[in-house]
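Working notes, beginning with the structure itself.
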Amino acid sequence: MEIVNGHAERQIMIGDNRYIESNREERDMGFFLAEGSIDISEMDEIVSKDEFEEVCAKVKDYDEKNM
C-alpha cells in the first residue's frame, strides 16, 4: 500500500495465486482500496517505495503475459 497523508493511494493485495490491484476492477471485489485513515502500527509488514514499485512491475508484467 502506498500511503499519502495518512490515506491509501495505491494498494496491492497478494493472495493465493493472484494479485489484486487497486487500479483495476476485480470480478468479486470491485475496486480494492482501503478507505479512511491508515494506522501503520496495524500493518503486518512495511516495505520501501522501491520494493512496492518492484511488486507493481511484477504484477504489470504478469498481467501482460496472462491477458
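A few points about this structure:
- Over the C-alpha atoms of the chain, the Rg to Rh ratio, Rh being the Kirkwood estimate, stands at 0.96.
- In order along the stretch 2-10, the Karplus-derived 3J(HN,Hα) couplings, from 6.51 cos²θ - 1.76 cosθ + 1.60 at θ = phi - 60°, round to 9, 10, 10, 6, x, 10, 5, 9, 9 Hz, and Gly and Pro are given as x.
- Choice from Ile12, Ile46, Ile38 showing the highest fluctuation, given a GNM over the chain with Cα pairs closer than 10 Å: Ile46
- For the chain, relative contact order (Cα pairs under 8 Å, six or more residues apart, normalised by length) works out to 26 percent.
- Between 0 and 90°, nearest 10: helix 49-66 axis offset from the chain longest Cα axis: 20 degrees
- Within the listed set Glu54, Glu35, Glu45, the Gaussian network model of the chain (springs between alpha-carbon atoms below 10 Å) gives the highest mean-square fluctuation for Glu45.
Throughout, read-outs are computed from the coordinates displayed, never taken from laboratory work. The structure presented is a predicted model; accordingly, all values stated were derived computationally and were not measured.
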